[in-house]
1. Helix-only mean residue ellipticity at 222 nm, the chain, DSSP H runs n ≥ 4 weighted -39,500 (n - 2.57), per residue, nearest 500. What is it?
2. Gain in length, residue 250 to residue 182, computed as 0.36 nm per residue apart minus the alpha-carbon separation, to one decimal in nm?
3. For the modelled label position 7 Å from the Cα of residue 1 along Cα-to-Cβ, which residues of segment 13-47 have backbone nitrogen atoms closer than 18 Å?
4. Quick one: if the Förster radius is 56 Å, what FRET efficiency do residue 99 and residue 153 give, using the C-beta to C-beta distance and rounding to 0.05?
5. Going by Cα centres, segment 1-34 and segment 235-302 are how many Å apart?
6. With each pseudo-label sitting 7 Å past Cα toward Cβ, what's the residue 145-residue 325 distance in nm, one decimal?
7. Simple spin-label model, 7 Å along Cα-to-Cβ: residue 356 to residue 56 in nm?
8. If the elastic network links every pair of Cα atoms under 10 Å, which of 298, 325, 126 fluctuates the most in the Gaussian network model of the chain?
Amino acid sequence: MRRYDVVVVGGRCAGAATAMLLADAGHDVVLVDRAGLPSDTVSTHSLARGGVVQLQRWGLLEELLASGAPALRTATFRRYDADAPAPVRLTIKDRAGVDHLLAPRRHVLDDLLLRAAVRAGVTVMDRTRVRELLRDDTGRAVGVRATDRHGRTVELGARWVVGADGVRSHVAKLAGAAVIERHAAGGSCFYTYVGDVDWDGLEFHVAEGLFAGVFPTHRDAACVWIVQPSGAAVPAAPGGRLRAWLELLRDRAPELGARVAAGTVLEPVRGAVGLPQHRRQIHGPGWALVGDAGYHRDPITAHGITDAFRDAELLAGALDHALRDQTSADAALAAYQRGRDEAVADTFRLTRALSAFPHPEEFPRLQGEL
């Protein structure tokens, strides 16, 4: 059995970043993912300021900009209600050395992080599905048993197993990670990509019971999305989802709908309904969780990637301490849990407030608190 310092299960934003940071600190890391990497995933892929700052700190921001991800320097808010004021256009302020936001396509961002992890020394095993946690006589996680891309059973020993495998985390299930805070499932989010429109900055469009927006991305296209309560989700009938999505945009956010209709829809409509809103215990004997595996909220606040980067730094720092001094492991992982819980408290509160779809005049104020 090949032994590592850390096995990271899940190779997207949270997992690749955690693996990269641990390898940069000198640890022997293997990253496994059941998918072929890089590949696309369901995501509206906006980065808040914190995420851009972290990419800059990791030395990856310029590479991402060079990939064609546009620097987004403005945000426009438009309301559709009887008392709606004129649209408000704001300039992204220069803070923490960053004067723009980003919304890179996930296959581009994930590939950038994965290549950075490989440069740092991480071993990558994609198309590898974890089946169970290996445990010692005390019940401590000491690795994983998996099926590799060739259908062979492999055992990967490790001092720590990290679950970075998303909201339906298999590692969390295997570890028995408790849900310590749970709220009603979120709404629905459906999106596609639209080209042949002169997109200029982030846009947020608010109507009663609907929140829509524009995140310009690679190749002069934009991710255009609609968020609604689950009961009003875009129908999933074959061949009907795009038509229903376009009609909804035209009827409820007509200014945006007209521009989308004048452009070119480049991909099928994708999305999700009723995603969990919960917070898990994120560490135990020999295991830890990071990113959506440990905390998930409605996508209405578009903070998932930024949260994943923050948690990757917190966990990598904790595991670095634990690996260098086993006697400090419990304290280091407890500090990781506290840090994560403190960091998400306001975002979780604001997410729940926004996903309740308050009056349109409340949306800009709540968004401004993020």
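1. For the chain, the value works out to -10500 deg cm²/dmol.
2. 21.0 nm
3. 28-32
4. Details: r = 51 Å, r/R0 = 0.90.
For R0 = 56 Å, the calculated efficiency reads 0.65.
5. Cα centres, segment 1-34 to segment 235-302: 28 Å.
6. Here the modelled spin labels are 3.7 nm apart.
7. In this crude label model, residue 356 to residue 56 measures out at 3.5 nm.
8. In this elastic network of the chain, the residue with the biggest mean-square fluctuation among 298, 325, 126 is 325.
FYI, it's all coordinate maths here, none of it is from the lab. Everything numeric here is computed off the predicted structure, so don't read it as measured data. Don't worry about glycine lacking a Cβ; one is built from the backbone with ideal geometry, like all the others, and counts go over all protein chains shown.
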